[in-house]
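All remarks here apply to the structure that follows.
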Amino acid sequence: MLLTITLAVTMGDYVEAMILPAIPVIQKEFNTTPILVSWVTSVLLVVGTASLPLFGRLGDIHGKKRMFLIALGIYTVGVGIAGFAPSIYVLLLARAMQATGLVLAPLAFAMVTDIFPKERQAYAQSVIGGVVAISTTAGYVLGSLVIQNLGWRYGFFTVFVPSVLVFVLAARVLVEGPVAKGTRVDYAGAFALGGSMLLILVYLTEGPSIGWLSPASISLLSPGLFLAAAFFVLETRSASPLIQLSLLRIRNVLVANLVRIIGGISNFLFYYAFIYYAEYPKPYGLGLDILSTGLVLAPATLSLICWAILAGRLMPKVGPKPVMLAGSLALIAGLSLCIVQRSSGLYLTVDAVVAFSGWAAVILPSVNMVSVSLPKDQVTIGMGINSMLATLGQSFGPIIATTLLVSYTEPLTKIVNGQTLVVGRIASPLAFNLIFAVGIVFTGLIMVAALFSKNYKFPESKTK
């Protein structure tokens with residue numbers, strides 16, 4: 001069963017990485033604008049994040065397996081439609097359907113709590129997280145090869161058939177766990193929370209292009225904040241709330257959610273700066289192509305799954321707090337290495353290996369703390385909110401990185417007829433140093449949060 005749910009989650013992350021190199025090709029084929037084609041990636045983030053709370057609560061009430069299959073089914077149909085999309089608008093619709101792929105991970109992590117005893121849940125969650133990380137890098141590398149040789153549509157075709165097979169396998173193998181009886185879905189609360197996240201994420205996505213304080217931006221942010229406030233009011237008055245707000249104040253749940261927000265920012269700061277620098281033209285960056293950048297990242301991804309599994313083995317014995325603190329130190333070391341030495345692909349690989357090993361040891365404890373701390377009938381919605389907050393944090397990472405890249409620049413020169421001409425401006429080394437430094441600061445905040453967590457262990461006899 002662990003293999004089945006891992007394969008399903010892997011499909012979604014593979015496609016998300018695969019589609020990135022195809023964006024320029026899709027824009028050219030459909031003769032569309034950069035803003036519209038950017039929504040090929042943004043629509044999935046926005047719709048998926050808004051759907052997380054509702055799918056989470058439906059999983060608690062109607063069954064995790066049922067909602068897992070529904071999400072996987074919608075996702076698979078969306079993948080098939082995307083491959084045959086005759087226009088950019090049909091492709092965007094298909095991508096919105098694929099947004100259900102984002103809810104597979106929290107549903108999978110929650111299903112682990114039904115399949116495994118508490119002392120083995122961390123290991124199972126580490127396997128899922130580690131394999132998903134590999135699929136992300138594989139999607140980036142293999143996606144580049146498929147798109148380059150066969151076209152972007154085949155990127156979807158190569159995933160459609162495996163997705164159908166995984167759906168059939170999941171329907172046959174997975175077993176439904178316990179459900180929350182005698183409760184109903186708080187659709188008003190789900191609409192308020194999902195709607196607020198949708199509007200806020202659209203604001204964060206469009207803010208750089210339309211202006212943060214423009215009337216259009218304010219028209220997104222204001223109702224988004226209003227719905228967020230309305231959610232808390234509704235939850236205090238609902239007889240069957242989406243999630244009991246008192247549970248969010250449990251120390252380890254609060255720490256885990258804070259870590260996912262802050263960690264999301266730090267993670268995407270690293271990703272954005274790493275890929276940007278690797279593909280930046282020489283001598284300002286390494287001048288690598290998309291495929292070479294993916295290969296530079298590949299060893300780091302392999303190290304991530306190794307360290308994730310090791311962390312999963314250690315947590316029952318030492319607890320989540322020391323694992324998270326050690327991971328934070330490793331992540332800080334990796335970000336620091338990016339500042340002091342990044343002059344070649346080999347150095348970048350070493351930097352990423354160190355950073356990714358730390359990242360694995362930071363995220364796994366935050367996931368496990370939620371699954372262990374919440375009652376059975378609240379685990380899936382708790383995991384959904386945890387994933388939603390991580391996505392929200394990830395949305396801030398590129399914004400901070402872009403702001404620094406455009407704020408700290410130096411002249412871009414070109415020699416013409418023996419004369420050096422300034423043809424524009426390009427991000428300076430200081431800009432990249434500052435991005436990594438900000439990542440270090442946010443990782444330091446993770447360490448502070450981890451210090452407030454309540455450590456727990458499982459008896460040695462249960463781990464054998």
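Could you tell me whether any residue of the range 161-177 is basic (Lys, Arg), at negative phi and surrounded by 14 or more Cβ atoms within 10 Å (Cβ to Cβ)?
Looking for residues that are basic (Lys, Arg), at negative phi and surrounded by 14 or more Cβ atoms within 10 Å (Cβ to Cβ), one finds none in the range 161-177, hence no.
Here are some residues: Gly195, Gly207. Which one is in contact with a Gly (Cβ under 9 Å, 6 or more places away or on another chain), farther than 28 Å from Pro365 by Cα, surrounded by 14 or more Cβ atoms within 10 Å (Cβ to Cβ) and touching a residue at least 12 places away in the same chain (Cβ under 8 Å)? Spell out how you get there, then give the answer.
Numbers: Gly207 fails: in contact with a Gly (Cβ under 9 Å, 6 or more places away or on another chain).
Answer to the selection: Gly195.
Taking into account only those residues within the range 171-188 that are in a loop (DSSP other than H, G, I, E, B) and either hydrophobic (A, V, I, L, M, F, W, C) or free of Cβ contacts under 8 Å to residues at least 40 places away in the same chain (or both), which is nearest to Ser240 (Cα to Cα)?
Val185
Please enumerate the residues belonging to the range 227-250 that are touching a Ser or Thr at 6+ places or on another chain (Cβ under 7 Å) and over 23 Å from Ile200 (Cβ atoms).
Matches in the range 227-250: Ser240, Ile250.
Looking at Thr380, Thr402 in this structure, which one is assigned by TED's automatic domain parsing to the domain that holds Val259, part of a helix (DSSP H, G or I), crowded, with 23+ Cβ neighbours inside 10 Å and in contact (Cβ under 8 Å) with a residue 24 or more places away in the chain?
That would be Thr380, the only listed residue that is assigned by TED's automatic domain parsing to the domain that holds Val259, part of a helix (DSSP H, G or I), crowded, with 23+ Cβ neighbours inside 10 Å and in contact (Cβ under 8 Å) with a residue 24 or more places away in the chain.
Looking at Phe268 and the list (1) modelled with pLDDT under 90; (2) under 19 Å from the mean Cα position of the chain (by Cα); (3) more than 30 Å from Ala333 (Cβ to Cβ), which single condition is not satisfied?
Tallying (1) modelled with pLDDT under 90; (2) under 19 Å from the mean Cα position of the chain (by Cα); (3) more than 30 Å from Ala333 (Cβ to Cβ), Phe268 fails exactly one: (3).
Just checking, how many residues over the range 65-89 are farther than 23 Å from Leu174 by Cα and either in contact with a helix residue (DSSP H, G or I) (Cβ under 7 Å, 6 or more places away or on another chain) or of a type in the set (Gly, Ala, Ser) (or both)?
Summing the residues that are farther than 23 Å from Leu174 by Cα and either in contact with a helix residue (DSSP H, G or I) (Cβ under 7 Å, 6 or more places away or on another chain) or of a type in the set (Gly, Ala, Ser) (or both) in the range 65-89 gives 7.
Give the residue that is surrounded by the most Cβ atoms within 10 Å (Cβ to Cβ), with candidates limited to residues of the range 405-438 that are of a type in the set (Ser, Thr, Tyr) and farther than 16 Å from Lys282 by Cβ.
Residue satisfying both the conditions and the ranking: Tyr408.
Of all residues being of a type in the set (Ser, Thr, Tyr) and part of a helix (DSSP H, G or I) in the range 264-299, which is surrounded by the most Cβ atoms within 10 Å (Cβ to Cβ)? Just the residue, please.
Per the stated criteria, the residue is Ser266.
Any idea which of Phe458, Phe442 is more than 18 Å from the chain's Cα centre (by Cα) and either surrounded by 17 or more Cβ atoms within 10 Å (Cβ to Cβ) or in a strand (DSSP E or B) (or both)?
Phe458
Pairs under 8 Å by beta carbon, first residue assigned by TED's automatic domain parsing to the domain that holds Thr403 and part of a strand (DSSP E or B) in the range 423-438, partner of a type in the set (Phe, Trp, Tyr) and modelled with pLDDT under 95, six or more apart or different chains?
The qualifying pairs are Ile426/Tyr280; Ile426/Tyr284; Ala427/Tyr276; Ala427/Tyr280; Ala427/Tyr284; Ala427/Tyr408.
Among what's in the range 210-244 and is of a type outside the set (S, T, N, Q) and assigned to a loop (DSSP other than H, G, I, E, B), pick the residue that is surrounded by the fewest Cβ atoms within 10 Å (Cβ to Cβ).
This residue is Ala239.
Six or more apart or on different chains, Cβ under 9 Å: which pairs go from a residue in the range 14-38 that's surrounded by fewer than 19 Cβ atoms within 10 Å (Cβ to Cβ) to one that's among the charged types (D, E, K, R)? Could you list them?
Ile35/Glu206
For residues that are hydrophobic (A, V, I, L, M, F, W, C) and buried (at least 21 other Cβ atoms within 10 Å of the Cβ), tally how many sit in the range 300-313.
5
Can Leu335 be described as of a type in the set (A, V, I, L, M), assigned to a helix (DSSP H, G or I) and either surrounded by fewer than 24 Cβ atoms within 10 Å (Cβ to Cβ) or without any contact (Cβ under 8 Å) to a residue 60 or more places away in the chain (or both)?
No: the conditions fail for Leu335.
For the range 60-170, give me every one of the helices (runs of 4 or more DSSP H) that falls completely inside it and has 1 or more residues that are at pLDDT below 90 and either under 23 Å from the mean Cα position of the chain (by Cα) or not assigned by TED's automatic domain parsing to the domain that holds Thr32 (or both).
Passing ranges, in order: 104-115, 118-149.
If you check Ser144 against the conditions, is it touching a Pro at 6+ places or on another chain (Cβ under 9 Å) and within 30 Å of Gly224 (Cα to Cα)?
Numbers: touching a Pro at 6+ places or on another chain (Cβ under 9 Å): yes; within 30 Å of Gly224 (Cα to Cα): no.
For Ser144, the condition - touching a Pro at 6+ places or on another chain (Cβ under 9 Å) and within 30 Å of Gly224 (Cα to Cα) - is not met.
Out of Leu297, Leu288, report the one residue that is in the same structural domain as Ala401 (by TED's automatic domain parsing) and within 20 Å of the chain's Cα centre (by Cα). Break it down into steps so the answer makes sense when it comes.
Working: Leu288 fails: within 20 Å of the chain's Cα centre (by Cα).
None of the other options fit; the residue is Leu297.
Inspect all residues belonging to the range 181-202 and state whether any of them is of a type in the set (Val, Ile, Thr) and closer than 30 Å to Tyr271 by Cα. First the steps, then the outcome.
Looking only at the range 181-202, we keep the residues that are of a type in the set (Val, Ile, Thr), and these are 183, 185, 200, 202.
Next cut, closer than 30 Å to Tyr271 by Cα only: 200, 202.
Yes, the range 181-202 contains at least one residue that is of a type in the set (Val, Ile, Thr) and closer than 30 Å to Tyr271 by Cα.
If only one of Ser343, Ser371, Ser357 is part of a loop (DSSP other than H, G, I, E, B), outside the structural domain of Gln125 (by TED's automatic domain parsing) and either at pLDDT 90 or above or over 20 Å from Leu269 (Cβ atoms) (or both), which one is it?
Ser343 is the lone residue from the list that is part of a loop (DSSP other than H, G, I, E, B), outside the structural domain of Gln125 (by TED's automatic domain parsing) and either at pLDDT 90 or above or over 20 Å from Leu269 (Cβ atoms) (or both).
Can Val323 be described as under 15 Å from Gly358 (Cα atoms) and crowded, with 23+ Cβ neighbours inside 10 Å? Talk me through it step by step, then tell me what you get.
Values: under 15 Å from Gly358 (Cα atoms): yes; crowded, with 23+ Cβ neighbours inside 10 Å: yes.
For Val323, the condition - under 15 Å from Gly358 (Cα atoms) and crowded, with 23+ Cβ neighbours inside 10 Å - is met.
For Pro299, indicate whether it is modelled with pLDDT of 90 or more and not β-branched (Val, Ile, Thr).
Spelling it out, it is not the case that Pro299 is modelled with pLDDT of 90 or more and not β-branched (Val, Ile, Thr).
The values are calculated or read from the model by the stated rules, or taken from the named source; none is laboratory data. Remember, it's a predicted structure, so these values are computed and weren't measured experimentally. FYI the Cβ positions are ideal-geometry reconstructions off the backbone, even for glycines, and counts take in every protein chain you see.
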